[in-house]
């Protein structure tokens, strides 16, 4: 059996296992064959099949667990730790939980982005998984209010001045630009009105470059993600973790060539994903445009293309 | 669709069979009176039940245990026990966690004194808890205080507590166990077991408690207390010595049945110096593996396996209830079309431009010197040979023709004359198959191997499809059959088919499922204890030789996955590894063995478990047998002789491939009508 | 006991640690990885020791030049005790820090137990996360040759004869052969898997599940489809999750008495192993519960590349 056939068979087994154990049987082999038919030659197909076997998928179960992790490990732990330090490192359950409850009562959780985007719908699951009261969740327009009902009065106040913690939750921090926008438009205002407010941004996933930029240039007190994608997750970078030991005849160079060839047809601006992120990541609710467009492109224009992990938001021009 | 929640063959838990299913298997097989035929619980002589992985040993033992007696006698368990004339006290040795009773800077002699007491305390609780449960259905009153007093007399010393009821007694003994556990669990730090008091002589509780119960409880007056001690292989050697002593000193109203892996018996010695228990004298042995593979079980197993598959489908509830009969079940699996000798086979080349002839041509061109010796000195003669052996559109016939030719070549016959003769035979065969009975028989015997070669030469996958094939692959192990179905179902669904609905499960899906099952089965050798790696390596060598044979120019044996040999001449390590491989069902022992041609000796015969065959593209049907001498056996199985393997493999290959350098060590051995399923 | 209250903090990979507390004793298990070697250099301690464990099969000339101690004995108990008998310290008043990264799990478990029964009040543990595993999901961590499956010394319980509601919880890592061997050893038990999620890196969760999938027959459908999650790098949440899971499974048990025998088997990350150990020491001692482990012949010396993060966990026993 030659390398091609051997690798093809092995990749099929891997994808079957991925589909069964992680991708929630979302993909069956006929879907893969249809997707591979986007590519012209067998050599191109084997390169792309390998890329597919490296695709990371996070389903509903996983996303809910990540939302639990944000609450428990990012938000809650910091407060608990501070309480303990303030109280001589006590481990007394009642003391700590009592103080924590007070801090929680002074917290509001918000989503990031357009209401129709994923950031805000995540809040619903966040609330469910962490068994939190509805009253802890607000929209961004509810942070501030006019001091008086008189529409000519321009003075802005905090709607709930006792609130100490504003926690913004997002699914993916890409370039960091949206975080900077929020910082300029919202965080600076909060800080102006209440300098000791603690404003945090927590994402499930982030590009390392984006989150570093956000940490450096934004006014958020905390900017963190559960999972960061550094350059090793850019699939064609020199540090790519996907190509550490690719099976013959797969190589980084050939795979990149194929991805570029078709990516250029699909999204000439960013043939390897938005901002050249070159990711191989998808979620239950969507595939981010930082992922290679050959994976998700579904626009019915001049270029006919069948995706393997469709993207629902078509606003990527 | 979440495939796996709908896969009716998914294994629900590790212990995947209900006891009822295994009961049905043993009871319903025609001509067999089931469990009682194999194991008579009322025989006082102790019995050792030996079986490998998947032999049903644990299920057999559980069949006689109290929980299953309760299921069999739901109306009145005490009456049921009286009727059965026994009560089964079942113990899994693994539950003792007796790996902790070693070393920790404690002298071995101390452990040897400690373990029997701990074991008896453990069993005492087991018996008491079982009896307390049974007596909870009792209407008659019993004198519990008297029973407690008599049981306490079994101890050498007075206990600090004076329990008056069986429940209190059980609790008291539990406290003793707790103290023993604490002492053992801390001895790594305390470096001693000095605080431990051994309050009973070995065996006194073990035999004494049943005697007291028998005497004082009406329903137990005439019954046997059958100790079912399973997984003995989990005990250390010195611990097994104690169990052997209990067997040796067996006293009524008790009997013992031991369940152990074939190579899990570490000793037959007893605590009395130098006394060893012997088969037939202190115990009998039941070897389950042999029983499983007796010939008359073959048709019965097929029936059972398909019924099992059908019942799983019905149980899953998500699959159509339409399938009710065996033949309908069969119909859902696409079968390979039967290939006859003169058929054209799609995607398999033949004729001058085909792969078979290309290989022949290459061999003839490569071995010119050999050819000259065999009378071929001109290229035109080579061309003539090739033309004589080409049969366009009849790839199987062509393969058989070239096989015959290679056979003649290996005997140093004149090549051109041989080709002419074979060509005549083939043409006669084409006209009338019965006119060439030897050639017809040859094709029949080697058909599977020749087809496998054709597929390989034409870059086609090995074929393992159809229910009959799956039955053969699983060879008497219901669990293997379900595993095959599970993986096939997964692939079928993954390939976009709708298994057990409208379309047949494709051959492709079946092959993929079978290959995966085979690989996983082989991977399991790694977990076969500390010898796992050696067993795996040996099986790989064996399979490699079988594969060389199958895909060679001239396979010396057809459908070869069986070897025989005089094990007594092989090294101890070889014998041990072969034994372990059998224990783990990688090799299956043919109970009949093989009679040596030149003497009255009967050699052992071992079949590679057909579950492993697909991983290496080996045959499923068992026909040919190869005899290995001790050198070959040691090279395959004994790491100390591993360095010999390379040359043996080389000889093996050379004797089967043009130009057929002679090998003295590996005789051609073609057995007609060898062991078949 | 609320394990999630314990302190955990990230240490800088590049900057110095000199401003952190100075320890009296720092211990690390020697292996060939960059993670372990660089932490040893940075650790701020009066005394430092490399513990050399025989299972790594290092030759004399492969070892560091100084501060090495070759642990003697065939068992984890003997090996750890050989070291502490040698140094003979007043442990109750010694500030100790251990780099758990290179430790084998049984030795790690035992050393924590040993310090616990010697009344140490606080113990700092360091763990370095790798950038990635060298062969991704094909990385081999052991030679797969299982010698025996037994209880880890110090974690043996008082078990009961009733086995109908036994429960085995496996902290599943990459080594599917070890997972299979443990499942087969306790095949009568209900089995649950604890998976490290969030994983150390985003791709490791998928790699992990690909490996545990290979043991799916041994694990059974429920364990595969309904795993328990705890962060791969957090011992304290691991301990909390274990506790909560066992409380819930006890309630759901078919028997009125609940779980008959509980077996825990940590085969995933070292922080998760610490979580198993902590929960056991605090809540399971003297119960019908043990930590079991598949002991094998040879450990791989170097399975990872790079350092992603370094954690400091403070375990508080008092």
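Details
- Filtering the stretch B:630-648 to residues that are under 25 Å from the mean Cα position of the chain (by Cα) and buried (at least 21 other Cβ atoms within 10 Å of the Cβ) leaves B:632, B:633, B:634, B:635, B:636, B:637, B:638.
- Residue A:148 being outside any loop (DSSP other than H, G, I, E, B), without any contact (Cβ under 8 Å) to a residue 24 or more places away in the chain and on the phi < 0 side of the Ramachandran plot: no
- Exclusive hit being free of Cβ contacts under 8 Å to residues at least 24 places away in the same chain, surrounded by fewer than 17 Cβ atoms within 10 Å (Cβ to Cβ) and within 14 Å of another protein chain (Cβ to nearest Cβ), set B:530, B:536: B:530
- Of all residues in the stretch B:473-502 being outside any helix (DSSP H, G or I) and within 13 Å of chain A (Cβ to nearest Cβ), the one that is nearest to residue C:294 (Cα to Cα): B:495
- Within the stretch C:34-88, the set of residues being assigned to a loop (DSSP other than H, G, I, E, B), touching a residue at least 40 places away in the same chain (Cβ under 8 Å) and more than 23 Å from residue C:21 (Cα to Cα) comprises C:53, C:57, C:58, C:75.
- Within this structure, residue B:164 passes the test of being more than 14 Å from chain C (Cβ to nearest Cβ), touching a helix residue (DSSP H, G or I) at 6+ places or on another chain (Cβ under 8 Å), outside any helix (DSSP H, G or I) and surrounded by fewer than 18 Cβ atoms within 10 Å (Cβ to Cβ).
- Extreme residue, nearest to the other protein chains (Cβ to nearest Cβ), among residues of the stretch B:83-95 that are assigned to a helix (DSSP H, G or I), in contact (Cβ under 8 Å) with a residue 60 or more places away in the chain and within 27 Å of the chain's Cα centre (by Cα): B:94
- Members of the stretch C:1-49 found to be within 21 Å of the chain's Cα centre (by Cα), within 14 Å of chain A (Cβ to nearest Cβ) and at pLDDT below 90, listed by number: C:1
- The stretch C:244-274, residues that are farther than 17 Å from residue C:105 by Cβ and in contact with a helix residue (DSSP H, G or I) (Cβ under 6 Å, 6 or more places away or on another chain): C:258, C:259
- In this entry, residue A:8 is excluded by the filter for residues that are within 28 Å of residue B:513 (Cα to Cα), in contact (Cβ under 8 Å) with a residue 40 or more places away in the chain, buried (at least 17 other Cβ atoms within 10 Å of the Cβ) and in contact with a strand residue (DSSP E or B) (Cβ under 6 Å, 6 or more places away or on another chain).
- Residue match in the stretch C:192-201 (condition: within 14 Å of chain B (Cβ to nearest Cβ) and crowded, with 24+ Cβ neighbours inside 10 Å): yes
- If you go through the stretch B:325-382 and keep only what is touching a strand residue (DSSP E or B) at 6+ places or on another chain (Cβ under 8 Å) and either assigned to a loop (DSSP other than H, G, I, E, B) or closer than 17 Å to residue B:460 by Cβ (or both), you end up with B:332, B:334.
- Selection within the stretch C:208-217 - more than 14 Å from chain B (Cβ to nearest Cβ) and in a loop (DSSP other than H, G, I, E, B): none
- The residue of the stretch A:146-159 that is farthest from the chain's Cα centre (by Cα), among those that are at pLDDT 85 or above and surrounded by 14 or more Cβ atoms within 10 Å (Cβ to Cβ), is A:156.
- Test: residue in the stretch A:166-176 that is surrounded by fewer than 19 Cβ atoms within 10 Å (Cβ to Cβ) and out of contact with any strand residue (DSSP E or B) (no Cβ under 6 Å at 6 or more places or on another chain): yes
- Complete set of residues in the stretch A:66-86 that are closer than 17 Å to residue A:206 by Cβ and facing another protein chain (nearest Cβ under 7 Å): A:66, A:69, A:73
- For the stretch A:27-47, taking the residues that are farther than 23 Å from residue A:284 by Cβ and touching a residue at least 40 places away in the same chain (Cβ under 8 Å), the one that is nearest to the other protein chains (Cβ to nearest Cβ) is identified as A:37.
- Index of the failed condition, residue A:241 passing every other in (1) in contact with a helix residue (DSSP H, G or I) (Cβ under 9 Å, 6 or more places away or on another chain); (2) more than 15 Å from residue A:52 (Cα to Cα); (3) free of Cβ contacts under 8 Å to residues at least 24 places away in the same chain: (2)
One line per residue, one yes/no per condition, for (1) under 18 Å from residue C:273 (Cα atoms); (2) surrounded by 21 or more Cβ atoms within 10 Å (Cβ to Cβ); (3) facing another protein chain (nearest Cβ under 7 Å):
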site	(1), (2), (3)
C:179	yes, yes, no
C:187	no, no, yes
C:206	no, yes, yes
C:219	no, yes, no
C:223	no, yes, no
C:230	yes, yes, no
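- Condition check for residue A:18: under 26 Å from residue B:615 (Cβ atoms), surrounded by 15 or more Cβ atoms within 10 Å (Cβ to Cβ) and within 13 Å of another protein chain (Cβ to nearest Cβ): yes
- Output for the stretch B:240-252, where each listed residue is modelled with pLDDT under 95 and more than 12 Å from residue B:203 (Cα to Cα): B:252
The values are calculated or read from the model by the stated rules, or taken from the named source; none is laboratory data. Since we're looking at a predicted model, the values are computed, not measured. All Cβ positions, glycine included, derive from the backbone under ideal geometry; neighbour counts span all protein chains shown.
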